[in-house]
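For reference, the structure is listed below as structure tokens.
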4 protein chains.
Amino acid sequence: MADRGRLRWFVPDGYLPAESSHGIESHEAACLLNVSDEEARVTFTFYFEDREPLGGIRLTLAAKRTRHVRLDRRDELGVELPRGVPFAYTVESDVPVVLQHSRLDTTAGGYTLLTTIAYGE
Amino acid sequence: MADRGRLRWFVPDGYLPAESSHGIESHEAACLLNVSDEEARVTFTFYFEDREPLGGIRLTLAAKRTRHVRLDRRDELGVELPRGVPFAYTVESDVPVVLQHSRLDTTAGGYTLLTTIAYGE
Amino acid sequence: MADRGRLRWFVPDGYLPAESSHGIESHEAACLLNVSDEEARVTFTFYFEDREPLGGIRLTLAAKRTRHVRLDRRDELGVELPRGVPFAYTVESDVPVVLQHSRLDTTAGGYTLLTTIAYGE
Amino acid sequence: MADRGRLRWFVPDGYLPAESSHGIESHEAACLLNVSDEEARVTFTFYFEDREPLGGIRLTLAAKRTRHVRLDRRDELGVELPRGVPFAYTVESDVPVVLQHSRLDTTAGGYTLLTTIAYGE
């Protein structure tokens, strides 16, 4: 009960809308929190409906820091995810962290947000 | 703790809005993730406020794949759910999976989204 | 692990917006699912920031049914909750059920939705 | 199982939008519920992407009360959080409580809401 997070997190509903407006791109963020004293090495794996998973995407999260990883930014993630395509992802970490998944969709001329704490084990 | 999901998931707030706009139908999606090496056989049961449950709706989810099942599409689900009526549903699987429930409501001329990881056991 | 729900549920963020538009009242719903073979007797207690709790509000939920209880309807709930005031609530049940909390806010001329599975014990 | 809450809660996705409209400021609320017979002493710690955590922010939550703590109000929180900057936070309590995190974003001329029960341990 002193873990302060979990080592594996699951997000079934990933989606980067194809359209945007208001001068801000529709996007998703994988928001990670590491309250421990150690840097966390995290690995993302992306799952699709009709192709093999895209795995082995490694990032680090400093001790006592949050990081809101934009899933639409190749320069942050190291890979480019397709827009307009359903996907899912998991995050595995070597120290306990917490993952919350959020989306901003600006397709229809306004903002709409969604969020949920991911499923953790 | 190596399950990577659960075998039973519960979503109490199902609702397919009766109206739509923006050229995109208001809808819900049951987003499933199967990170295992085996195909998952999942069974949906829909519950209503004033009638018997509608059960035995079987789908498959390939190994290492996600599937975002549109609840408003008879061709995906095998049954047609009523619009404008409160319902709920459960998903049972023979291998551990994760379920996230999402809705897009375009009734009022813009988009609004909701999501939550379902309750799992 | 065969409970198919929990006996106590907690929702800290209750709020009935004071304003509405689009011909639909801003509202919240406590969406309950009872997959068991027995009727569930549930008790709602509402908590406020600056006054005593309002408890002992009893409803029933038939076996194998869902019920999306509108929190803004005195005729459904038996009490009238104030609008424009932060509150919270718990639901206790004599058989395991699942609770998801949702809000539709139409204050600003469009729709916005929020939802979460409640915290259960 | 009679705890009626948890002692530590985690919210990875904190964000106070820099812009507002509709005469209502974009904001977040940490919605706490204390159903116990004792006052809860809670401590907030805020985490950032590129600076040291801001900790030791103490508030009280009376017995059998909710409190929806506005994160954008210095007079409620005792500190001023930056707008337009990703952050995260934890809440530690000396008696079990429940935390739900919500945001209202009015940047784009309408309302959009998000919410989730926090991750608790």
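The values are calculated or read from the model by the stated rules, or taken from the named source; none is laboratory data. This structure is a prediction, so every number in the text was calculated from the model and none was measured. Here the Cβ is made from the backbone with ideal geometry for all residues, glycine too, and neighbour counts use every protein chain on show. All accessible areas refer to the heavy atoms of the entire protein, side chains included, with ligands and DNA or RNA removed. Shrake-Rupley method; radii C 1.70, N 1.55, O 1.52, S 1.80 Å.
Could you tell me the largest-minus-smallest coordinate of the C-alpha atoms of segment D:1-71 on each of the three principal axes, in descending order and whole angstroms?
Answer, in whole Å and largest first: 41, 33, 21 Å.
Can you work out the Karplus-derived ³J(HN,Hα) for every residue in segment A:80-91? Use 6.51 cos²θ - 1.76 cosθ + 1.60 with θ = phi - 60°, whole Hz, and x for glycine or proline.
9, 8, x, 8, x, 10, x, 9, 8, 8, 10, 10
Enter the Cα centre distance for the pair segment B:52-121 and segment A:85-121, rounded to the nearest angstrom.
First find each Cα centre; the distance between them is then 18 Å.
In Å², nearest 100, what accessible area do chains B and A bury in total when the solvent probe is 1.4 Å? Show your work: numbers first, answer last.
Values: alone 7090 and 7110 Å², together 11720 Å².
For chain B against chain A, roughly 2500 Å² becomes buried.
If you roll a 1.4 Å probe over the heavy atoms of the protein chains, what accessible area per residue do you get for chain A, in Å²?
38 Å²
Trypsin sites (Lys or Arg not before Pro), restricted to segment A:49-103: which are DSSP loop and have at most 13 other Cβ atoms within 10 Å? Write out the running numbers ahead of the final one.
Numbers: sites: A:Arg51, A:Arg58, A:Lys64, A:Arg65, A:Arg67, A:Arg70, A:Arg73, A:Arg74, A:Arg83, A:Arg103; in loops: A:Arg51, A:Lys64, A:Arg73, A:Arg83.
Filter output for segment A:49-103: A:Arg51.
Looking at chain B, I'd like the Rg to Rh ratio, where Rg is from alpha-carbon atoms and Rh is Kirkwood's inverse mean 1/r.
Details: Rg = 14.4 Å, Rh = 14.8 Å.
The Rg/Rh ratio comes out at 0.98.
Tell me the accessible surface of C:Trp9 in square angstrom (1.4 angstrom probe, heavy atoms of protein chains only), to the nearest ten.
Counting only protein heavy atoms, C:Trp9 exposes about 0 Å² to solvent.
Sorted from shortest, what are the nm distances separating the label point of C:Arg83 from equivalent points in the other copies, each placed 7 Å from Cα along Cα to C-beta?
Its label point is 2.8, 2.8, 3.9 nm from the equivalent points in the other copies.
Could you sort the residues of segment B:1-39 by number and keep only those whose accessible area is reduced by 50 Å² or more in the all-protein-chain setting relative to the chain alone, 1.4 Å probe?
Relative to the lone chain, where solvent access is computed with a 1.4 Å probe, segment B:1-39 loses at least 50 Å² at B:Met1, B:Arg4, B:Arg8, B:Phe10, B:Pro12, B:Asp13, B:Leu33.
In whole percent, how big is the carbon plus sulfur part of the accessible area of the protein assembly as shown, probe 1.4 Å, protein atoms only?
Values: 8060 of 18490 Å².
That share works out to 44 percent.
When the scattering of the protein assembly as shown is computed by the Debye formula from its Cα atoms alone, each counted once and equally, what is log10 I(q)/I(0) at q = 0.06, 0.09, 0.10 Å⁻¹?
The Debye formula, applied to the Cα set alone, gives -0.23, -0.55, -0.70.
Mind checking the dipole of segment B:27-100: about its Cα centre, +1 per Lys or Arg Cβ, -1 per Asp or Glu Cβ, Debye to the nearest 20?
So the dipole magnitude of segment B:27-100 works out to roughly 220 debye.
Collect residues whose amide H, placed 1.01 Å from N in the peptide plane, falls under 5 Å from the amide H of A:Tyr111; neighbours closer than 5 in sequence don't count.
Here D:Ala108, D:Gly110 satisfy the definition.
Which whole-Hz couplings ³J(HN,Hα) result when phi for each residue of segment B:7-13 is put into the Karplus expression 6.51 cos²θ - 1.76 cosθ + 1.60, θ = phi - 60°, listed in order with x for Gly and Pro?
Each residue of segment B:7-13 in turn: 8, 9, 10, 10, 10, x, 9 Hz.
Loop only by DSSP, 13 or fewer other Cβ within 10 Å of the Cβ. Give me the GluC sites (Glu not before Pro) in segment B:58-119 that pass, ordered by residue number. Please report the intermediate quantities before stating the final value.
Numbers: sites: B:Glu76, B:Glu80, B:Glu92; in loops: B:Glu80.
Filter output for segment B:58-119: B:Glu80.
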